[in-house]
Amino acid sequence: MHEMGIVLHLAKTLDQTAADEKIIKIGRVTLQVGEVSGIMTDLFCDCWNYFKVRHPVLSDSTLQIETMPAVTFCDNCKKEYGTVEHGRQCPFCGSYETWLITGNQCVIKEIEAMTEDDVAQSDKTE
């Protein structure tokens, strides 16, 4: 179950980002997960919900997962194709001289957060 390790790494990364950027609360984290990353998103969300309460800046946050399609490139015919549908063999020329362009990543796309400056600004307008 590598989802737990990824969630722990994600939480540490977000904690560090919060400290660096003076973030006091993270409301939502949008994560792009590749189709062939091997991450089981349901299990990943369960791990997130378990660990977020142990990180004060994340305690009320939600996790949004977007699936990133897997795309393979063929060195022989120079075409791209969907990896999940066709596997390693190029559907255009039959070559196995292919490599994965995208689809095995796990990337933080967006963090919706409140900073100390946001609180100071809202105090001034009240």
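Computed values, structure above
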| read-out | value |
| --- | --- |
| Segment 28-87: C-alpha gyration tensor shape, a/c 1.5 cut-off, then a/b vs b/c | prolate |
| Phi to ³J(HN,Hα) by Karplus 6.51 cos²θ - 1.76 cosθ + 1.60 over segment 87-103, Hz, x for Gly, Pro | x, 7, 7, 4, x, 8, 10, x, 6, 9, 7, 10, 8, 6, 8, 8, x |
| Per-residue Cβ neighbour rank within 10 angstrom, fewest leading, I65, I24 | I24, I65 |
| D20-S59 FRET efficiency (beta carbon distance; Förster radius 25 Å; 0.05 resolution) | 0.85 |
| DSSP beta bridge pairing in the chain, given as percent antiparallel to the nearest 5 | 70 |
| Charge dipole (debye, nearest 20) of the chain; +1 at Cβ of Lys and Arg, -1 at Cβ of Asp and Glu | 340 |
| Qualifying lysines (Cα of each under 29 Å from Cα of K52; at least 8 residues distant if same chain) | K12, K22, K25, K109 |
| Estimated inter-spin distance, C93 and D118, nm [label 7 Å along Cα→Cβ] | 5.0 |
| Listed candidates [x] 39; [y] 26; [z] 53 - label of the one calculated as percent of Cα pairs over 26 Å apart | [x] |
| Per the chain, cysteines lacking a partner by the 4.7 Å Cβ criterion | C45, C47, C106 |
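Here, each number is a calculation from the coordinates, and none is a lab measurement. Nothing here was measured: the structure is a model prediction, and the numbers come from that model. Heads up, the Cβs are rebuilt from the backbone with ideal geometry, glycines too, and the neighbour counts pull from every protein chain shown.
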